[in-house]
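Before any comments, here is the structure.
The values are calculated or read from the model by the stated rules, or taken from the named source; none is laboratory data. This one's a predicted model, so the numbers in the text were calculated from it and none came from an experiment. Glycine gets a Cβ as well: all are built from the backbone with ideal geometry, and neighbour counts include every protein chain shown.
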Amino acid sequence: MKRILLATSIDAFLHQGGGEQELKNVHKELNKLGYLCDIYGSSSLDIDNYDIIIYFSIGNGINIFLDGINCNGKLLILWPNLWFVDKPNDNYLGFLQTQINRFDAVVIKSKAELSHLEKYFDVPGHKRILISSFVDESIFNYNGSELFQEVYNLDSYILWTGIIEPQKNQHSIVSLLKDYNTKLVISGASRDKNYLDECKSLANGNNEILFIPPMHYMSELHLSAIHNSKVYLELPLDSPGTSSIEAAILNNNLCVTDCEWTREHFNEYCTFLKPDDNSLVSCLDNRTPNSCSVLRQETVNYSAKNALNNLVMYIDRSN
């Protein structure tokens, strides 16, 4: 039985977002598929006990981790989760390319992600493991409740969940919606306290903007919040993620950044906007909701077993 270690940057879990949740989801699903899979930390085994290492994210610190392990005989797989808003300088890109070259394979979850990576890096075809995004399958069995409205004494509201930081663009959306006639609820941790304070200062105590702590993933509160929102917003400067897929399964009112990734996953079944589009308010006023949750019937496409199939085959073929 192959042992797999999942690792990421040392500061990743200080402020958790979608990438950290994805790592935990992969951990859960690989164990369900019969592998012995751990997350690097105090409860993991010594590094020599693992056959395969999957490293999530790419950036500063990745070289330190790779330098610190004995790679002899170990399969190294990179799960990059990389979306640049602005092109980095050539020195940094060169550093990242050097780190990418140290891996045996790179996981790519969409055509959009492949296109983005190819703009900056050389990832040979034989190193690519093409998979798709997946969700916790329990989401398809959710029947709805009004727990979120009861806890926060809300009726109609617009929801945005996830990490709060400049590239996620919450400040611009607060500016556009601070005087809107429907409450905007923003739930998430922040990696940048100054940015969070700026967002709250802009709201300036406005009763139509509510900041709440992160909700536990797949909890009744989390699912209820998404399911009952008038509109689910995700308008980052980079790209929405799996959270928007979960929202599309639970809710028929999705408004997301217009980019390659969202067009690939949602086709015409939601409202697309550029993250700096000032027409958001009029769009919210005039949009016609879909008659049903747009991905509710996509159980097969977004199940972990199917999404991870190419990764599983790659692992099983390795010595």
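Tabulated data
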| quantity | calculated |
| --- | --- |
| Residue match in segment 14-36 (condition: at pLDDT below 95, assigned to a helix (DSSP H, G or I) and either farther than 30 Å from Ser303 by Cα or among the β-branched types (Val, Ile, Thr) (or both)) | no |
| Spans of helices (runs of 4 or more DSSP H) in segment 127-241 with at least 1 residues of a type in the set (Asp, Glu) and either within 27 Å of Cys259 (Cβ to Cβ) or touching a residue at least 24 places away in the same chain (Cβ under 8 Å) (or both) | 193-203, 220-228 |
| Unmet requirement for Leu202, which otherwise passes all of (1) within 27 Å of Phe13 (Cβ to Cβ); (2) out of contact with any Asp or Glu (no Cβ under 9 Å at 6 or more places or on another chain) | (1) |
| Subset of segment 185-195 [touching an Asp or Glu at 6+ places or on another chain (Cβ under 7 Å) and at pLDDT below 95] | Ser190, Arg191, Asp192 |
| Which numbered condition Leu295 misses (of (1) surrounded by 21 or more Cβ atoms within 10 Å (Cβ to Cβ); (2) modelled with pLDDT under 85; (3) in a helix (DSSP H, G or I)) | (3) |
| Selected residue (only one of Ala225, Ala203 is crowded, with 16+ Cβ neighbours inside 10 Å, among the hydrophobic types (A, V, I, L, M, F, W, C) and at pLDDT 95 or above) | Ala225 |
| Selected residue [under 23 Å from Gln167 (Cβ atoms), polar (S, T, N, Q) and at pLDDT below 90] from Asn91, Asn60, Asn70, Asn141 | Asn60 |
| Answer residue from segment 138-151, given it is surrounded by fewer than 14 Cβ atoms within 10 Å (Cβ to Cβ) and within 16 Å of Ala247 (Cβ to Cβ) and is nearest to the chain's Cα centre (by Cα) among those | Ser138 |
| Candidate set: segment 80-109, residues that are in contact (Cβ under 8 Å) with a residue 60 or more places away in the chain and touching a helix residue (DSSP H, G or I) at 6+ places or on another chain (Cβ under 6 Å); chosen: the one nearest to Ser318 (Cα to Cα) | Ala105 |
| Enumeration of residues in segment 206-222 that are closer than 21 Å to Asn181 by Cβ and crowded, with 19+ Cβ neighbours inside 10 Å | Ile209 |
| Segment 59-89: number of residues that are outside any loop (DSSP other than H, G, I, E, B) and either not assigned by the TED database to the domain that holds Ala7 or not aliphatic (A, V, I, L, M) (or both) | 4 |
